[in-house]
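The next block holds one structure in the form of C-alpha cells; read it before the comments.
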Amino acid sequence: MISSLINQGKDKVMMSNKVKGGSQFPSIELPKLGGGRLNLGAPEKKTNWKMVVVYRGGHCPMCTRYLKKIGEAKPAFAKLGVDIVATSADNESQALEHFMQLKVNYPVTYGLTVEMMRELGLYISRPLSTGETNHFYSEPGVFIINDRNEIQILDISNGPFARPEIDVLLSGIDFIRDKNYPVRGTFN
C-alpha cells in the first residue's frame, strides 16, 4: 500500500500553500471521535477563540507528549476564551486507539485529507515504513483563530521536533487579548 501511495502523484503531494496570518481560517469539517462532525475553526461553548492542533498521527510519540501537555493546560486556555481541537490524517480506528492512550479532555477529529493539509499550508510526509502508518500525514501545525475567524497565530513545522511551547502560547494569547494586539506577519 505504501509503495502505491509513494508512486501516486508524488510531486503533487509535495506542494503546499503558504497560509498568512490574518487570513480567514478555512471551513474544514471532520468526523469527531465519539460521533458527530466538527468544524475545526468554529469555537464551541463559552469561548470565542479556537486553537487547532494538527498532529502527525498516533504513530508519533512526540505528538502524544505534546497533546497531553495541551490537555493539562486546557483550563488555562479556557480561562482565556480559547477552545481546543486536535486533528490528524489518521482513520477512525487509529485515532481511537491513540485517544485511549492520550486520555485528553478536548475533541479529537480524524480523516484530514491531503487536500485539506494543502489548504492549511501544512508540510506533508509519506510514511517511512508500514510500521509507522499506512497513509500520508501532515507534519505539526498550530493555529490560533480569533473571534473574527482570522488566523491570529500560526506555527507550521516540517518535522516533529519544532512546536510552540504551551506557556509561551498562553502568555502570547493573554497579551494579544488584553492589549488588542494586531495580527503580525501579514506581509511577505
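Each reported figure results from applying straightforward, stated rules to the coordinates on display, with no laboratory input. Just so it is clear, the structure is predicted and the values come from calculations on it, not from any experiment. For neighbour counting, all protein chains shown are included, and Cβ atoms are generated from backbone atoms with ideal geometry for every residue, glycine included.
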Where in the range 19-59 does the amide nitrogen come within less than 18 Å of the point 7 Å from the Cα of N134, taken along Cα to Cβ?
57-59
Between T47 and K79, 0.36 nm times their residue separation minus their Cα-Cα distance comes to what?
10.6 nm
Which value, in debye to the nearest 20, gives the size of the charge dipole of the range 95-188 about its Cα centre, when Lys and Arg are +1 and Asp and Glu are -1 at the Cβ?
80
Sort 25-31, 106-112 by the packing proxy (mean of other Cβ within 10 Å over each peptide's residues), most packed first.
106-112, 25-31
Mind listing the long-range amide H neighbours of T133? Cut-off is under 5 Å, sequence gap 5 or more, other chains count too, H placed in the peptide plane at 1.01 Å from N.
L128
For an R0 of 30 angstrom, estimate the FRET efficiency from the Cβ-Cβ distance between Q101 and T186 and round to the nearest 0.05.
0.20
Taking a 31 Å limit on the Cα-Cα distance, which of the listed pairs K32/K179; K74/K179; K46/K103; K20/K103 fall beyond it?
K32/K179; K20/K103
Say each of S23 and D155 gets a label point 7 Å from the Cα, pointing the same way as Cα to Cβ; how far apart are those two points in nm?
2.0
Tally Lys/Arg at +1 and Asp/Glu at -1 over every other residue whose Cβ is under 15 Å from the Cβ of R37; what's the total?
-2
17 Å reach of a label modelled at K179, 7 Å along Cα-to-Cβ, counting backbone N of the range 148-163
152-154
Dipole of the chain (Lys/Arg Cβ +1, Asp/Glu Cβ -1, origin at the Cα centre): which of I173, G41, C63 lies farthest to the positive side?
I173
Need the list of aspartates and glutamates near K18 for cross-linking: C-alpha distance under 13 angstrom, and skip anything on the same chain fewer than eight residues off.
E119, D155
Each residue of the range 68-75 in order: what ³J(HN,Hα) in whole Hz does its phi give by Karplus 6.51 cos²θ - 1.76 cosθ + 1.60, θ = phi - 60°, with x for Gly and Pro?
5, 4, 5, x, 5, 8, 3, x
Cα convex hull of the chain: mean projected area in nm², to one decimal?
10.5
Per the charge dipole of the range 50-143 (beta-carbon charges, Lys/Arg positive, Asp/Glu negative, Cα centre), the residue among V53, A73, Y106 reaching farthest to the positive end is A73
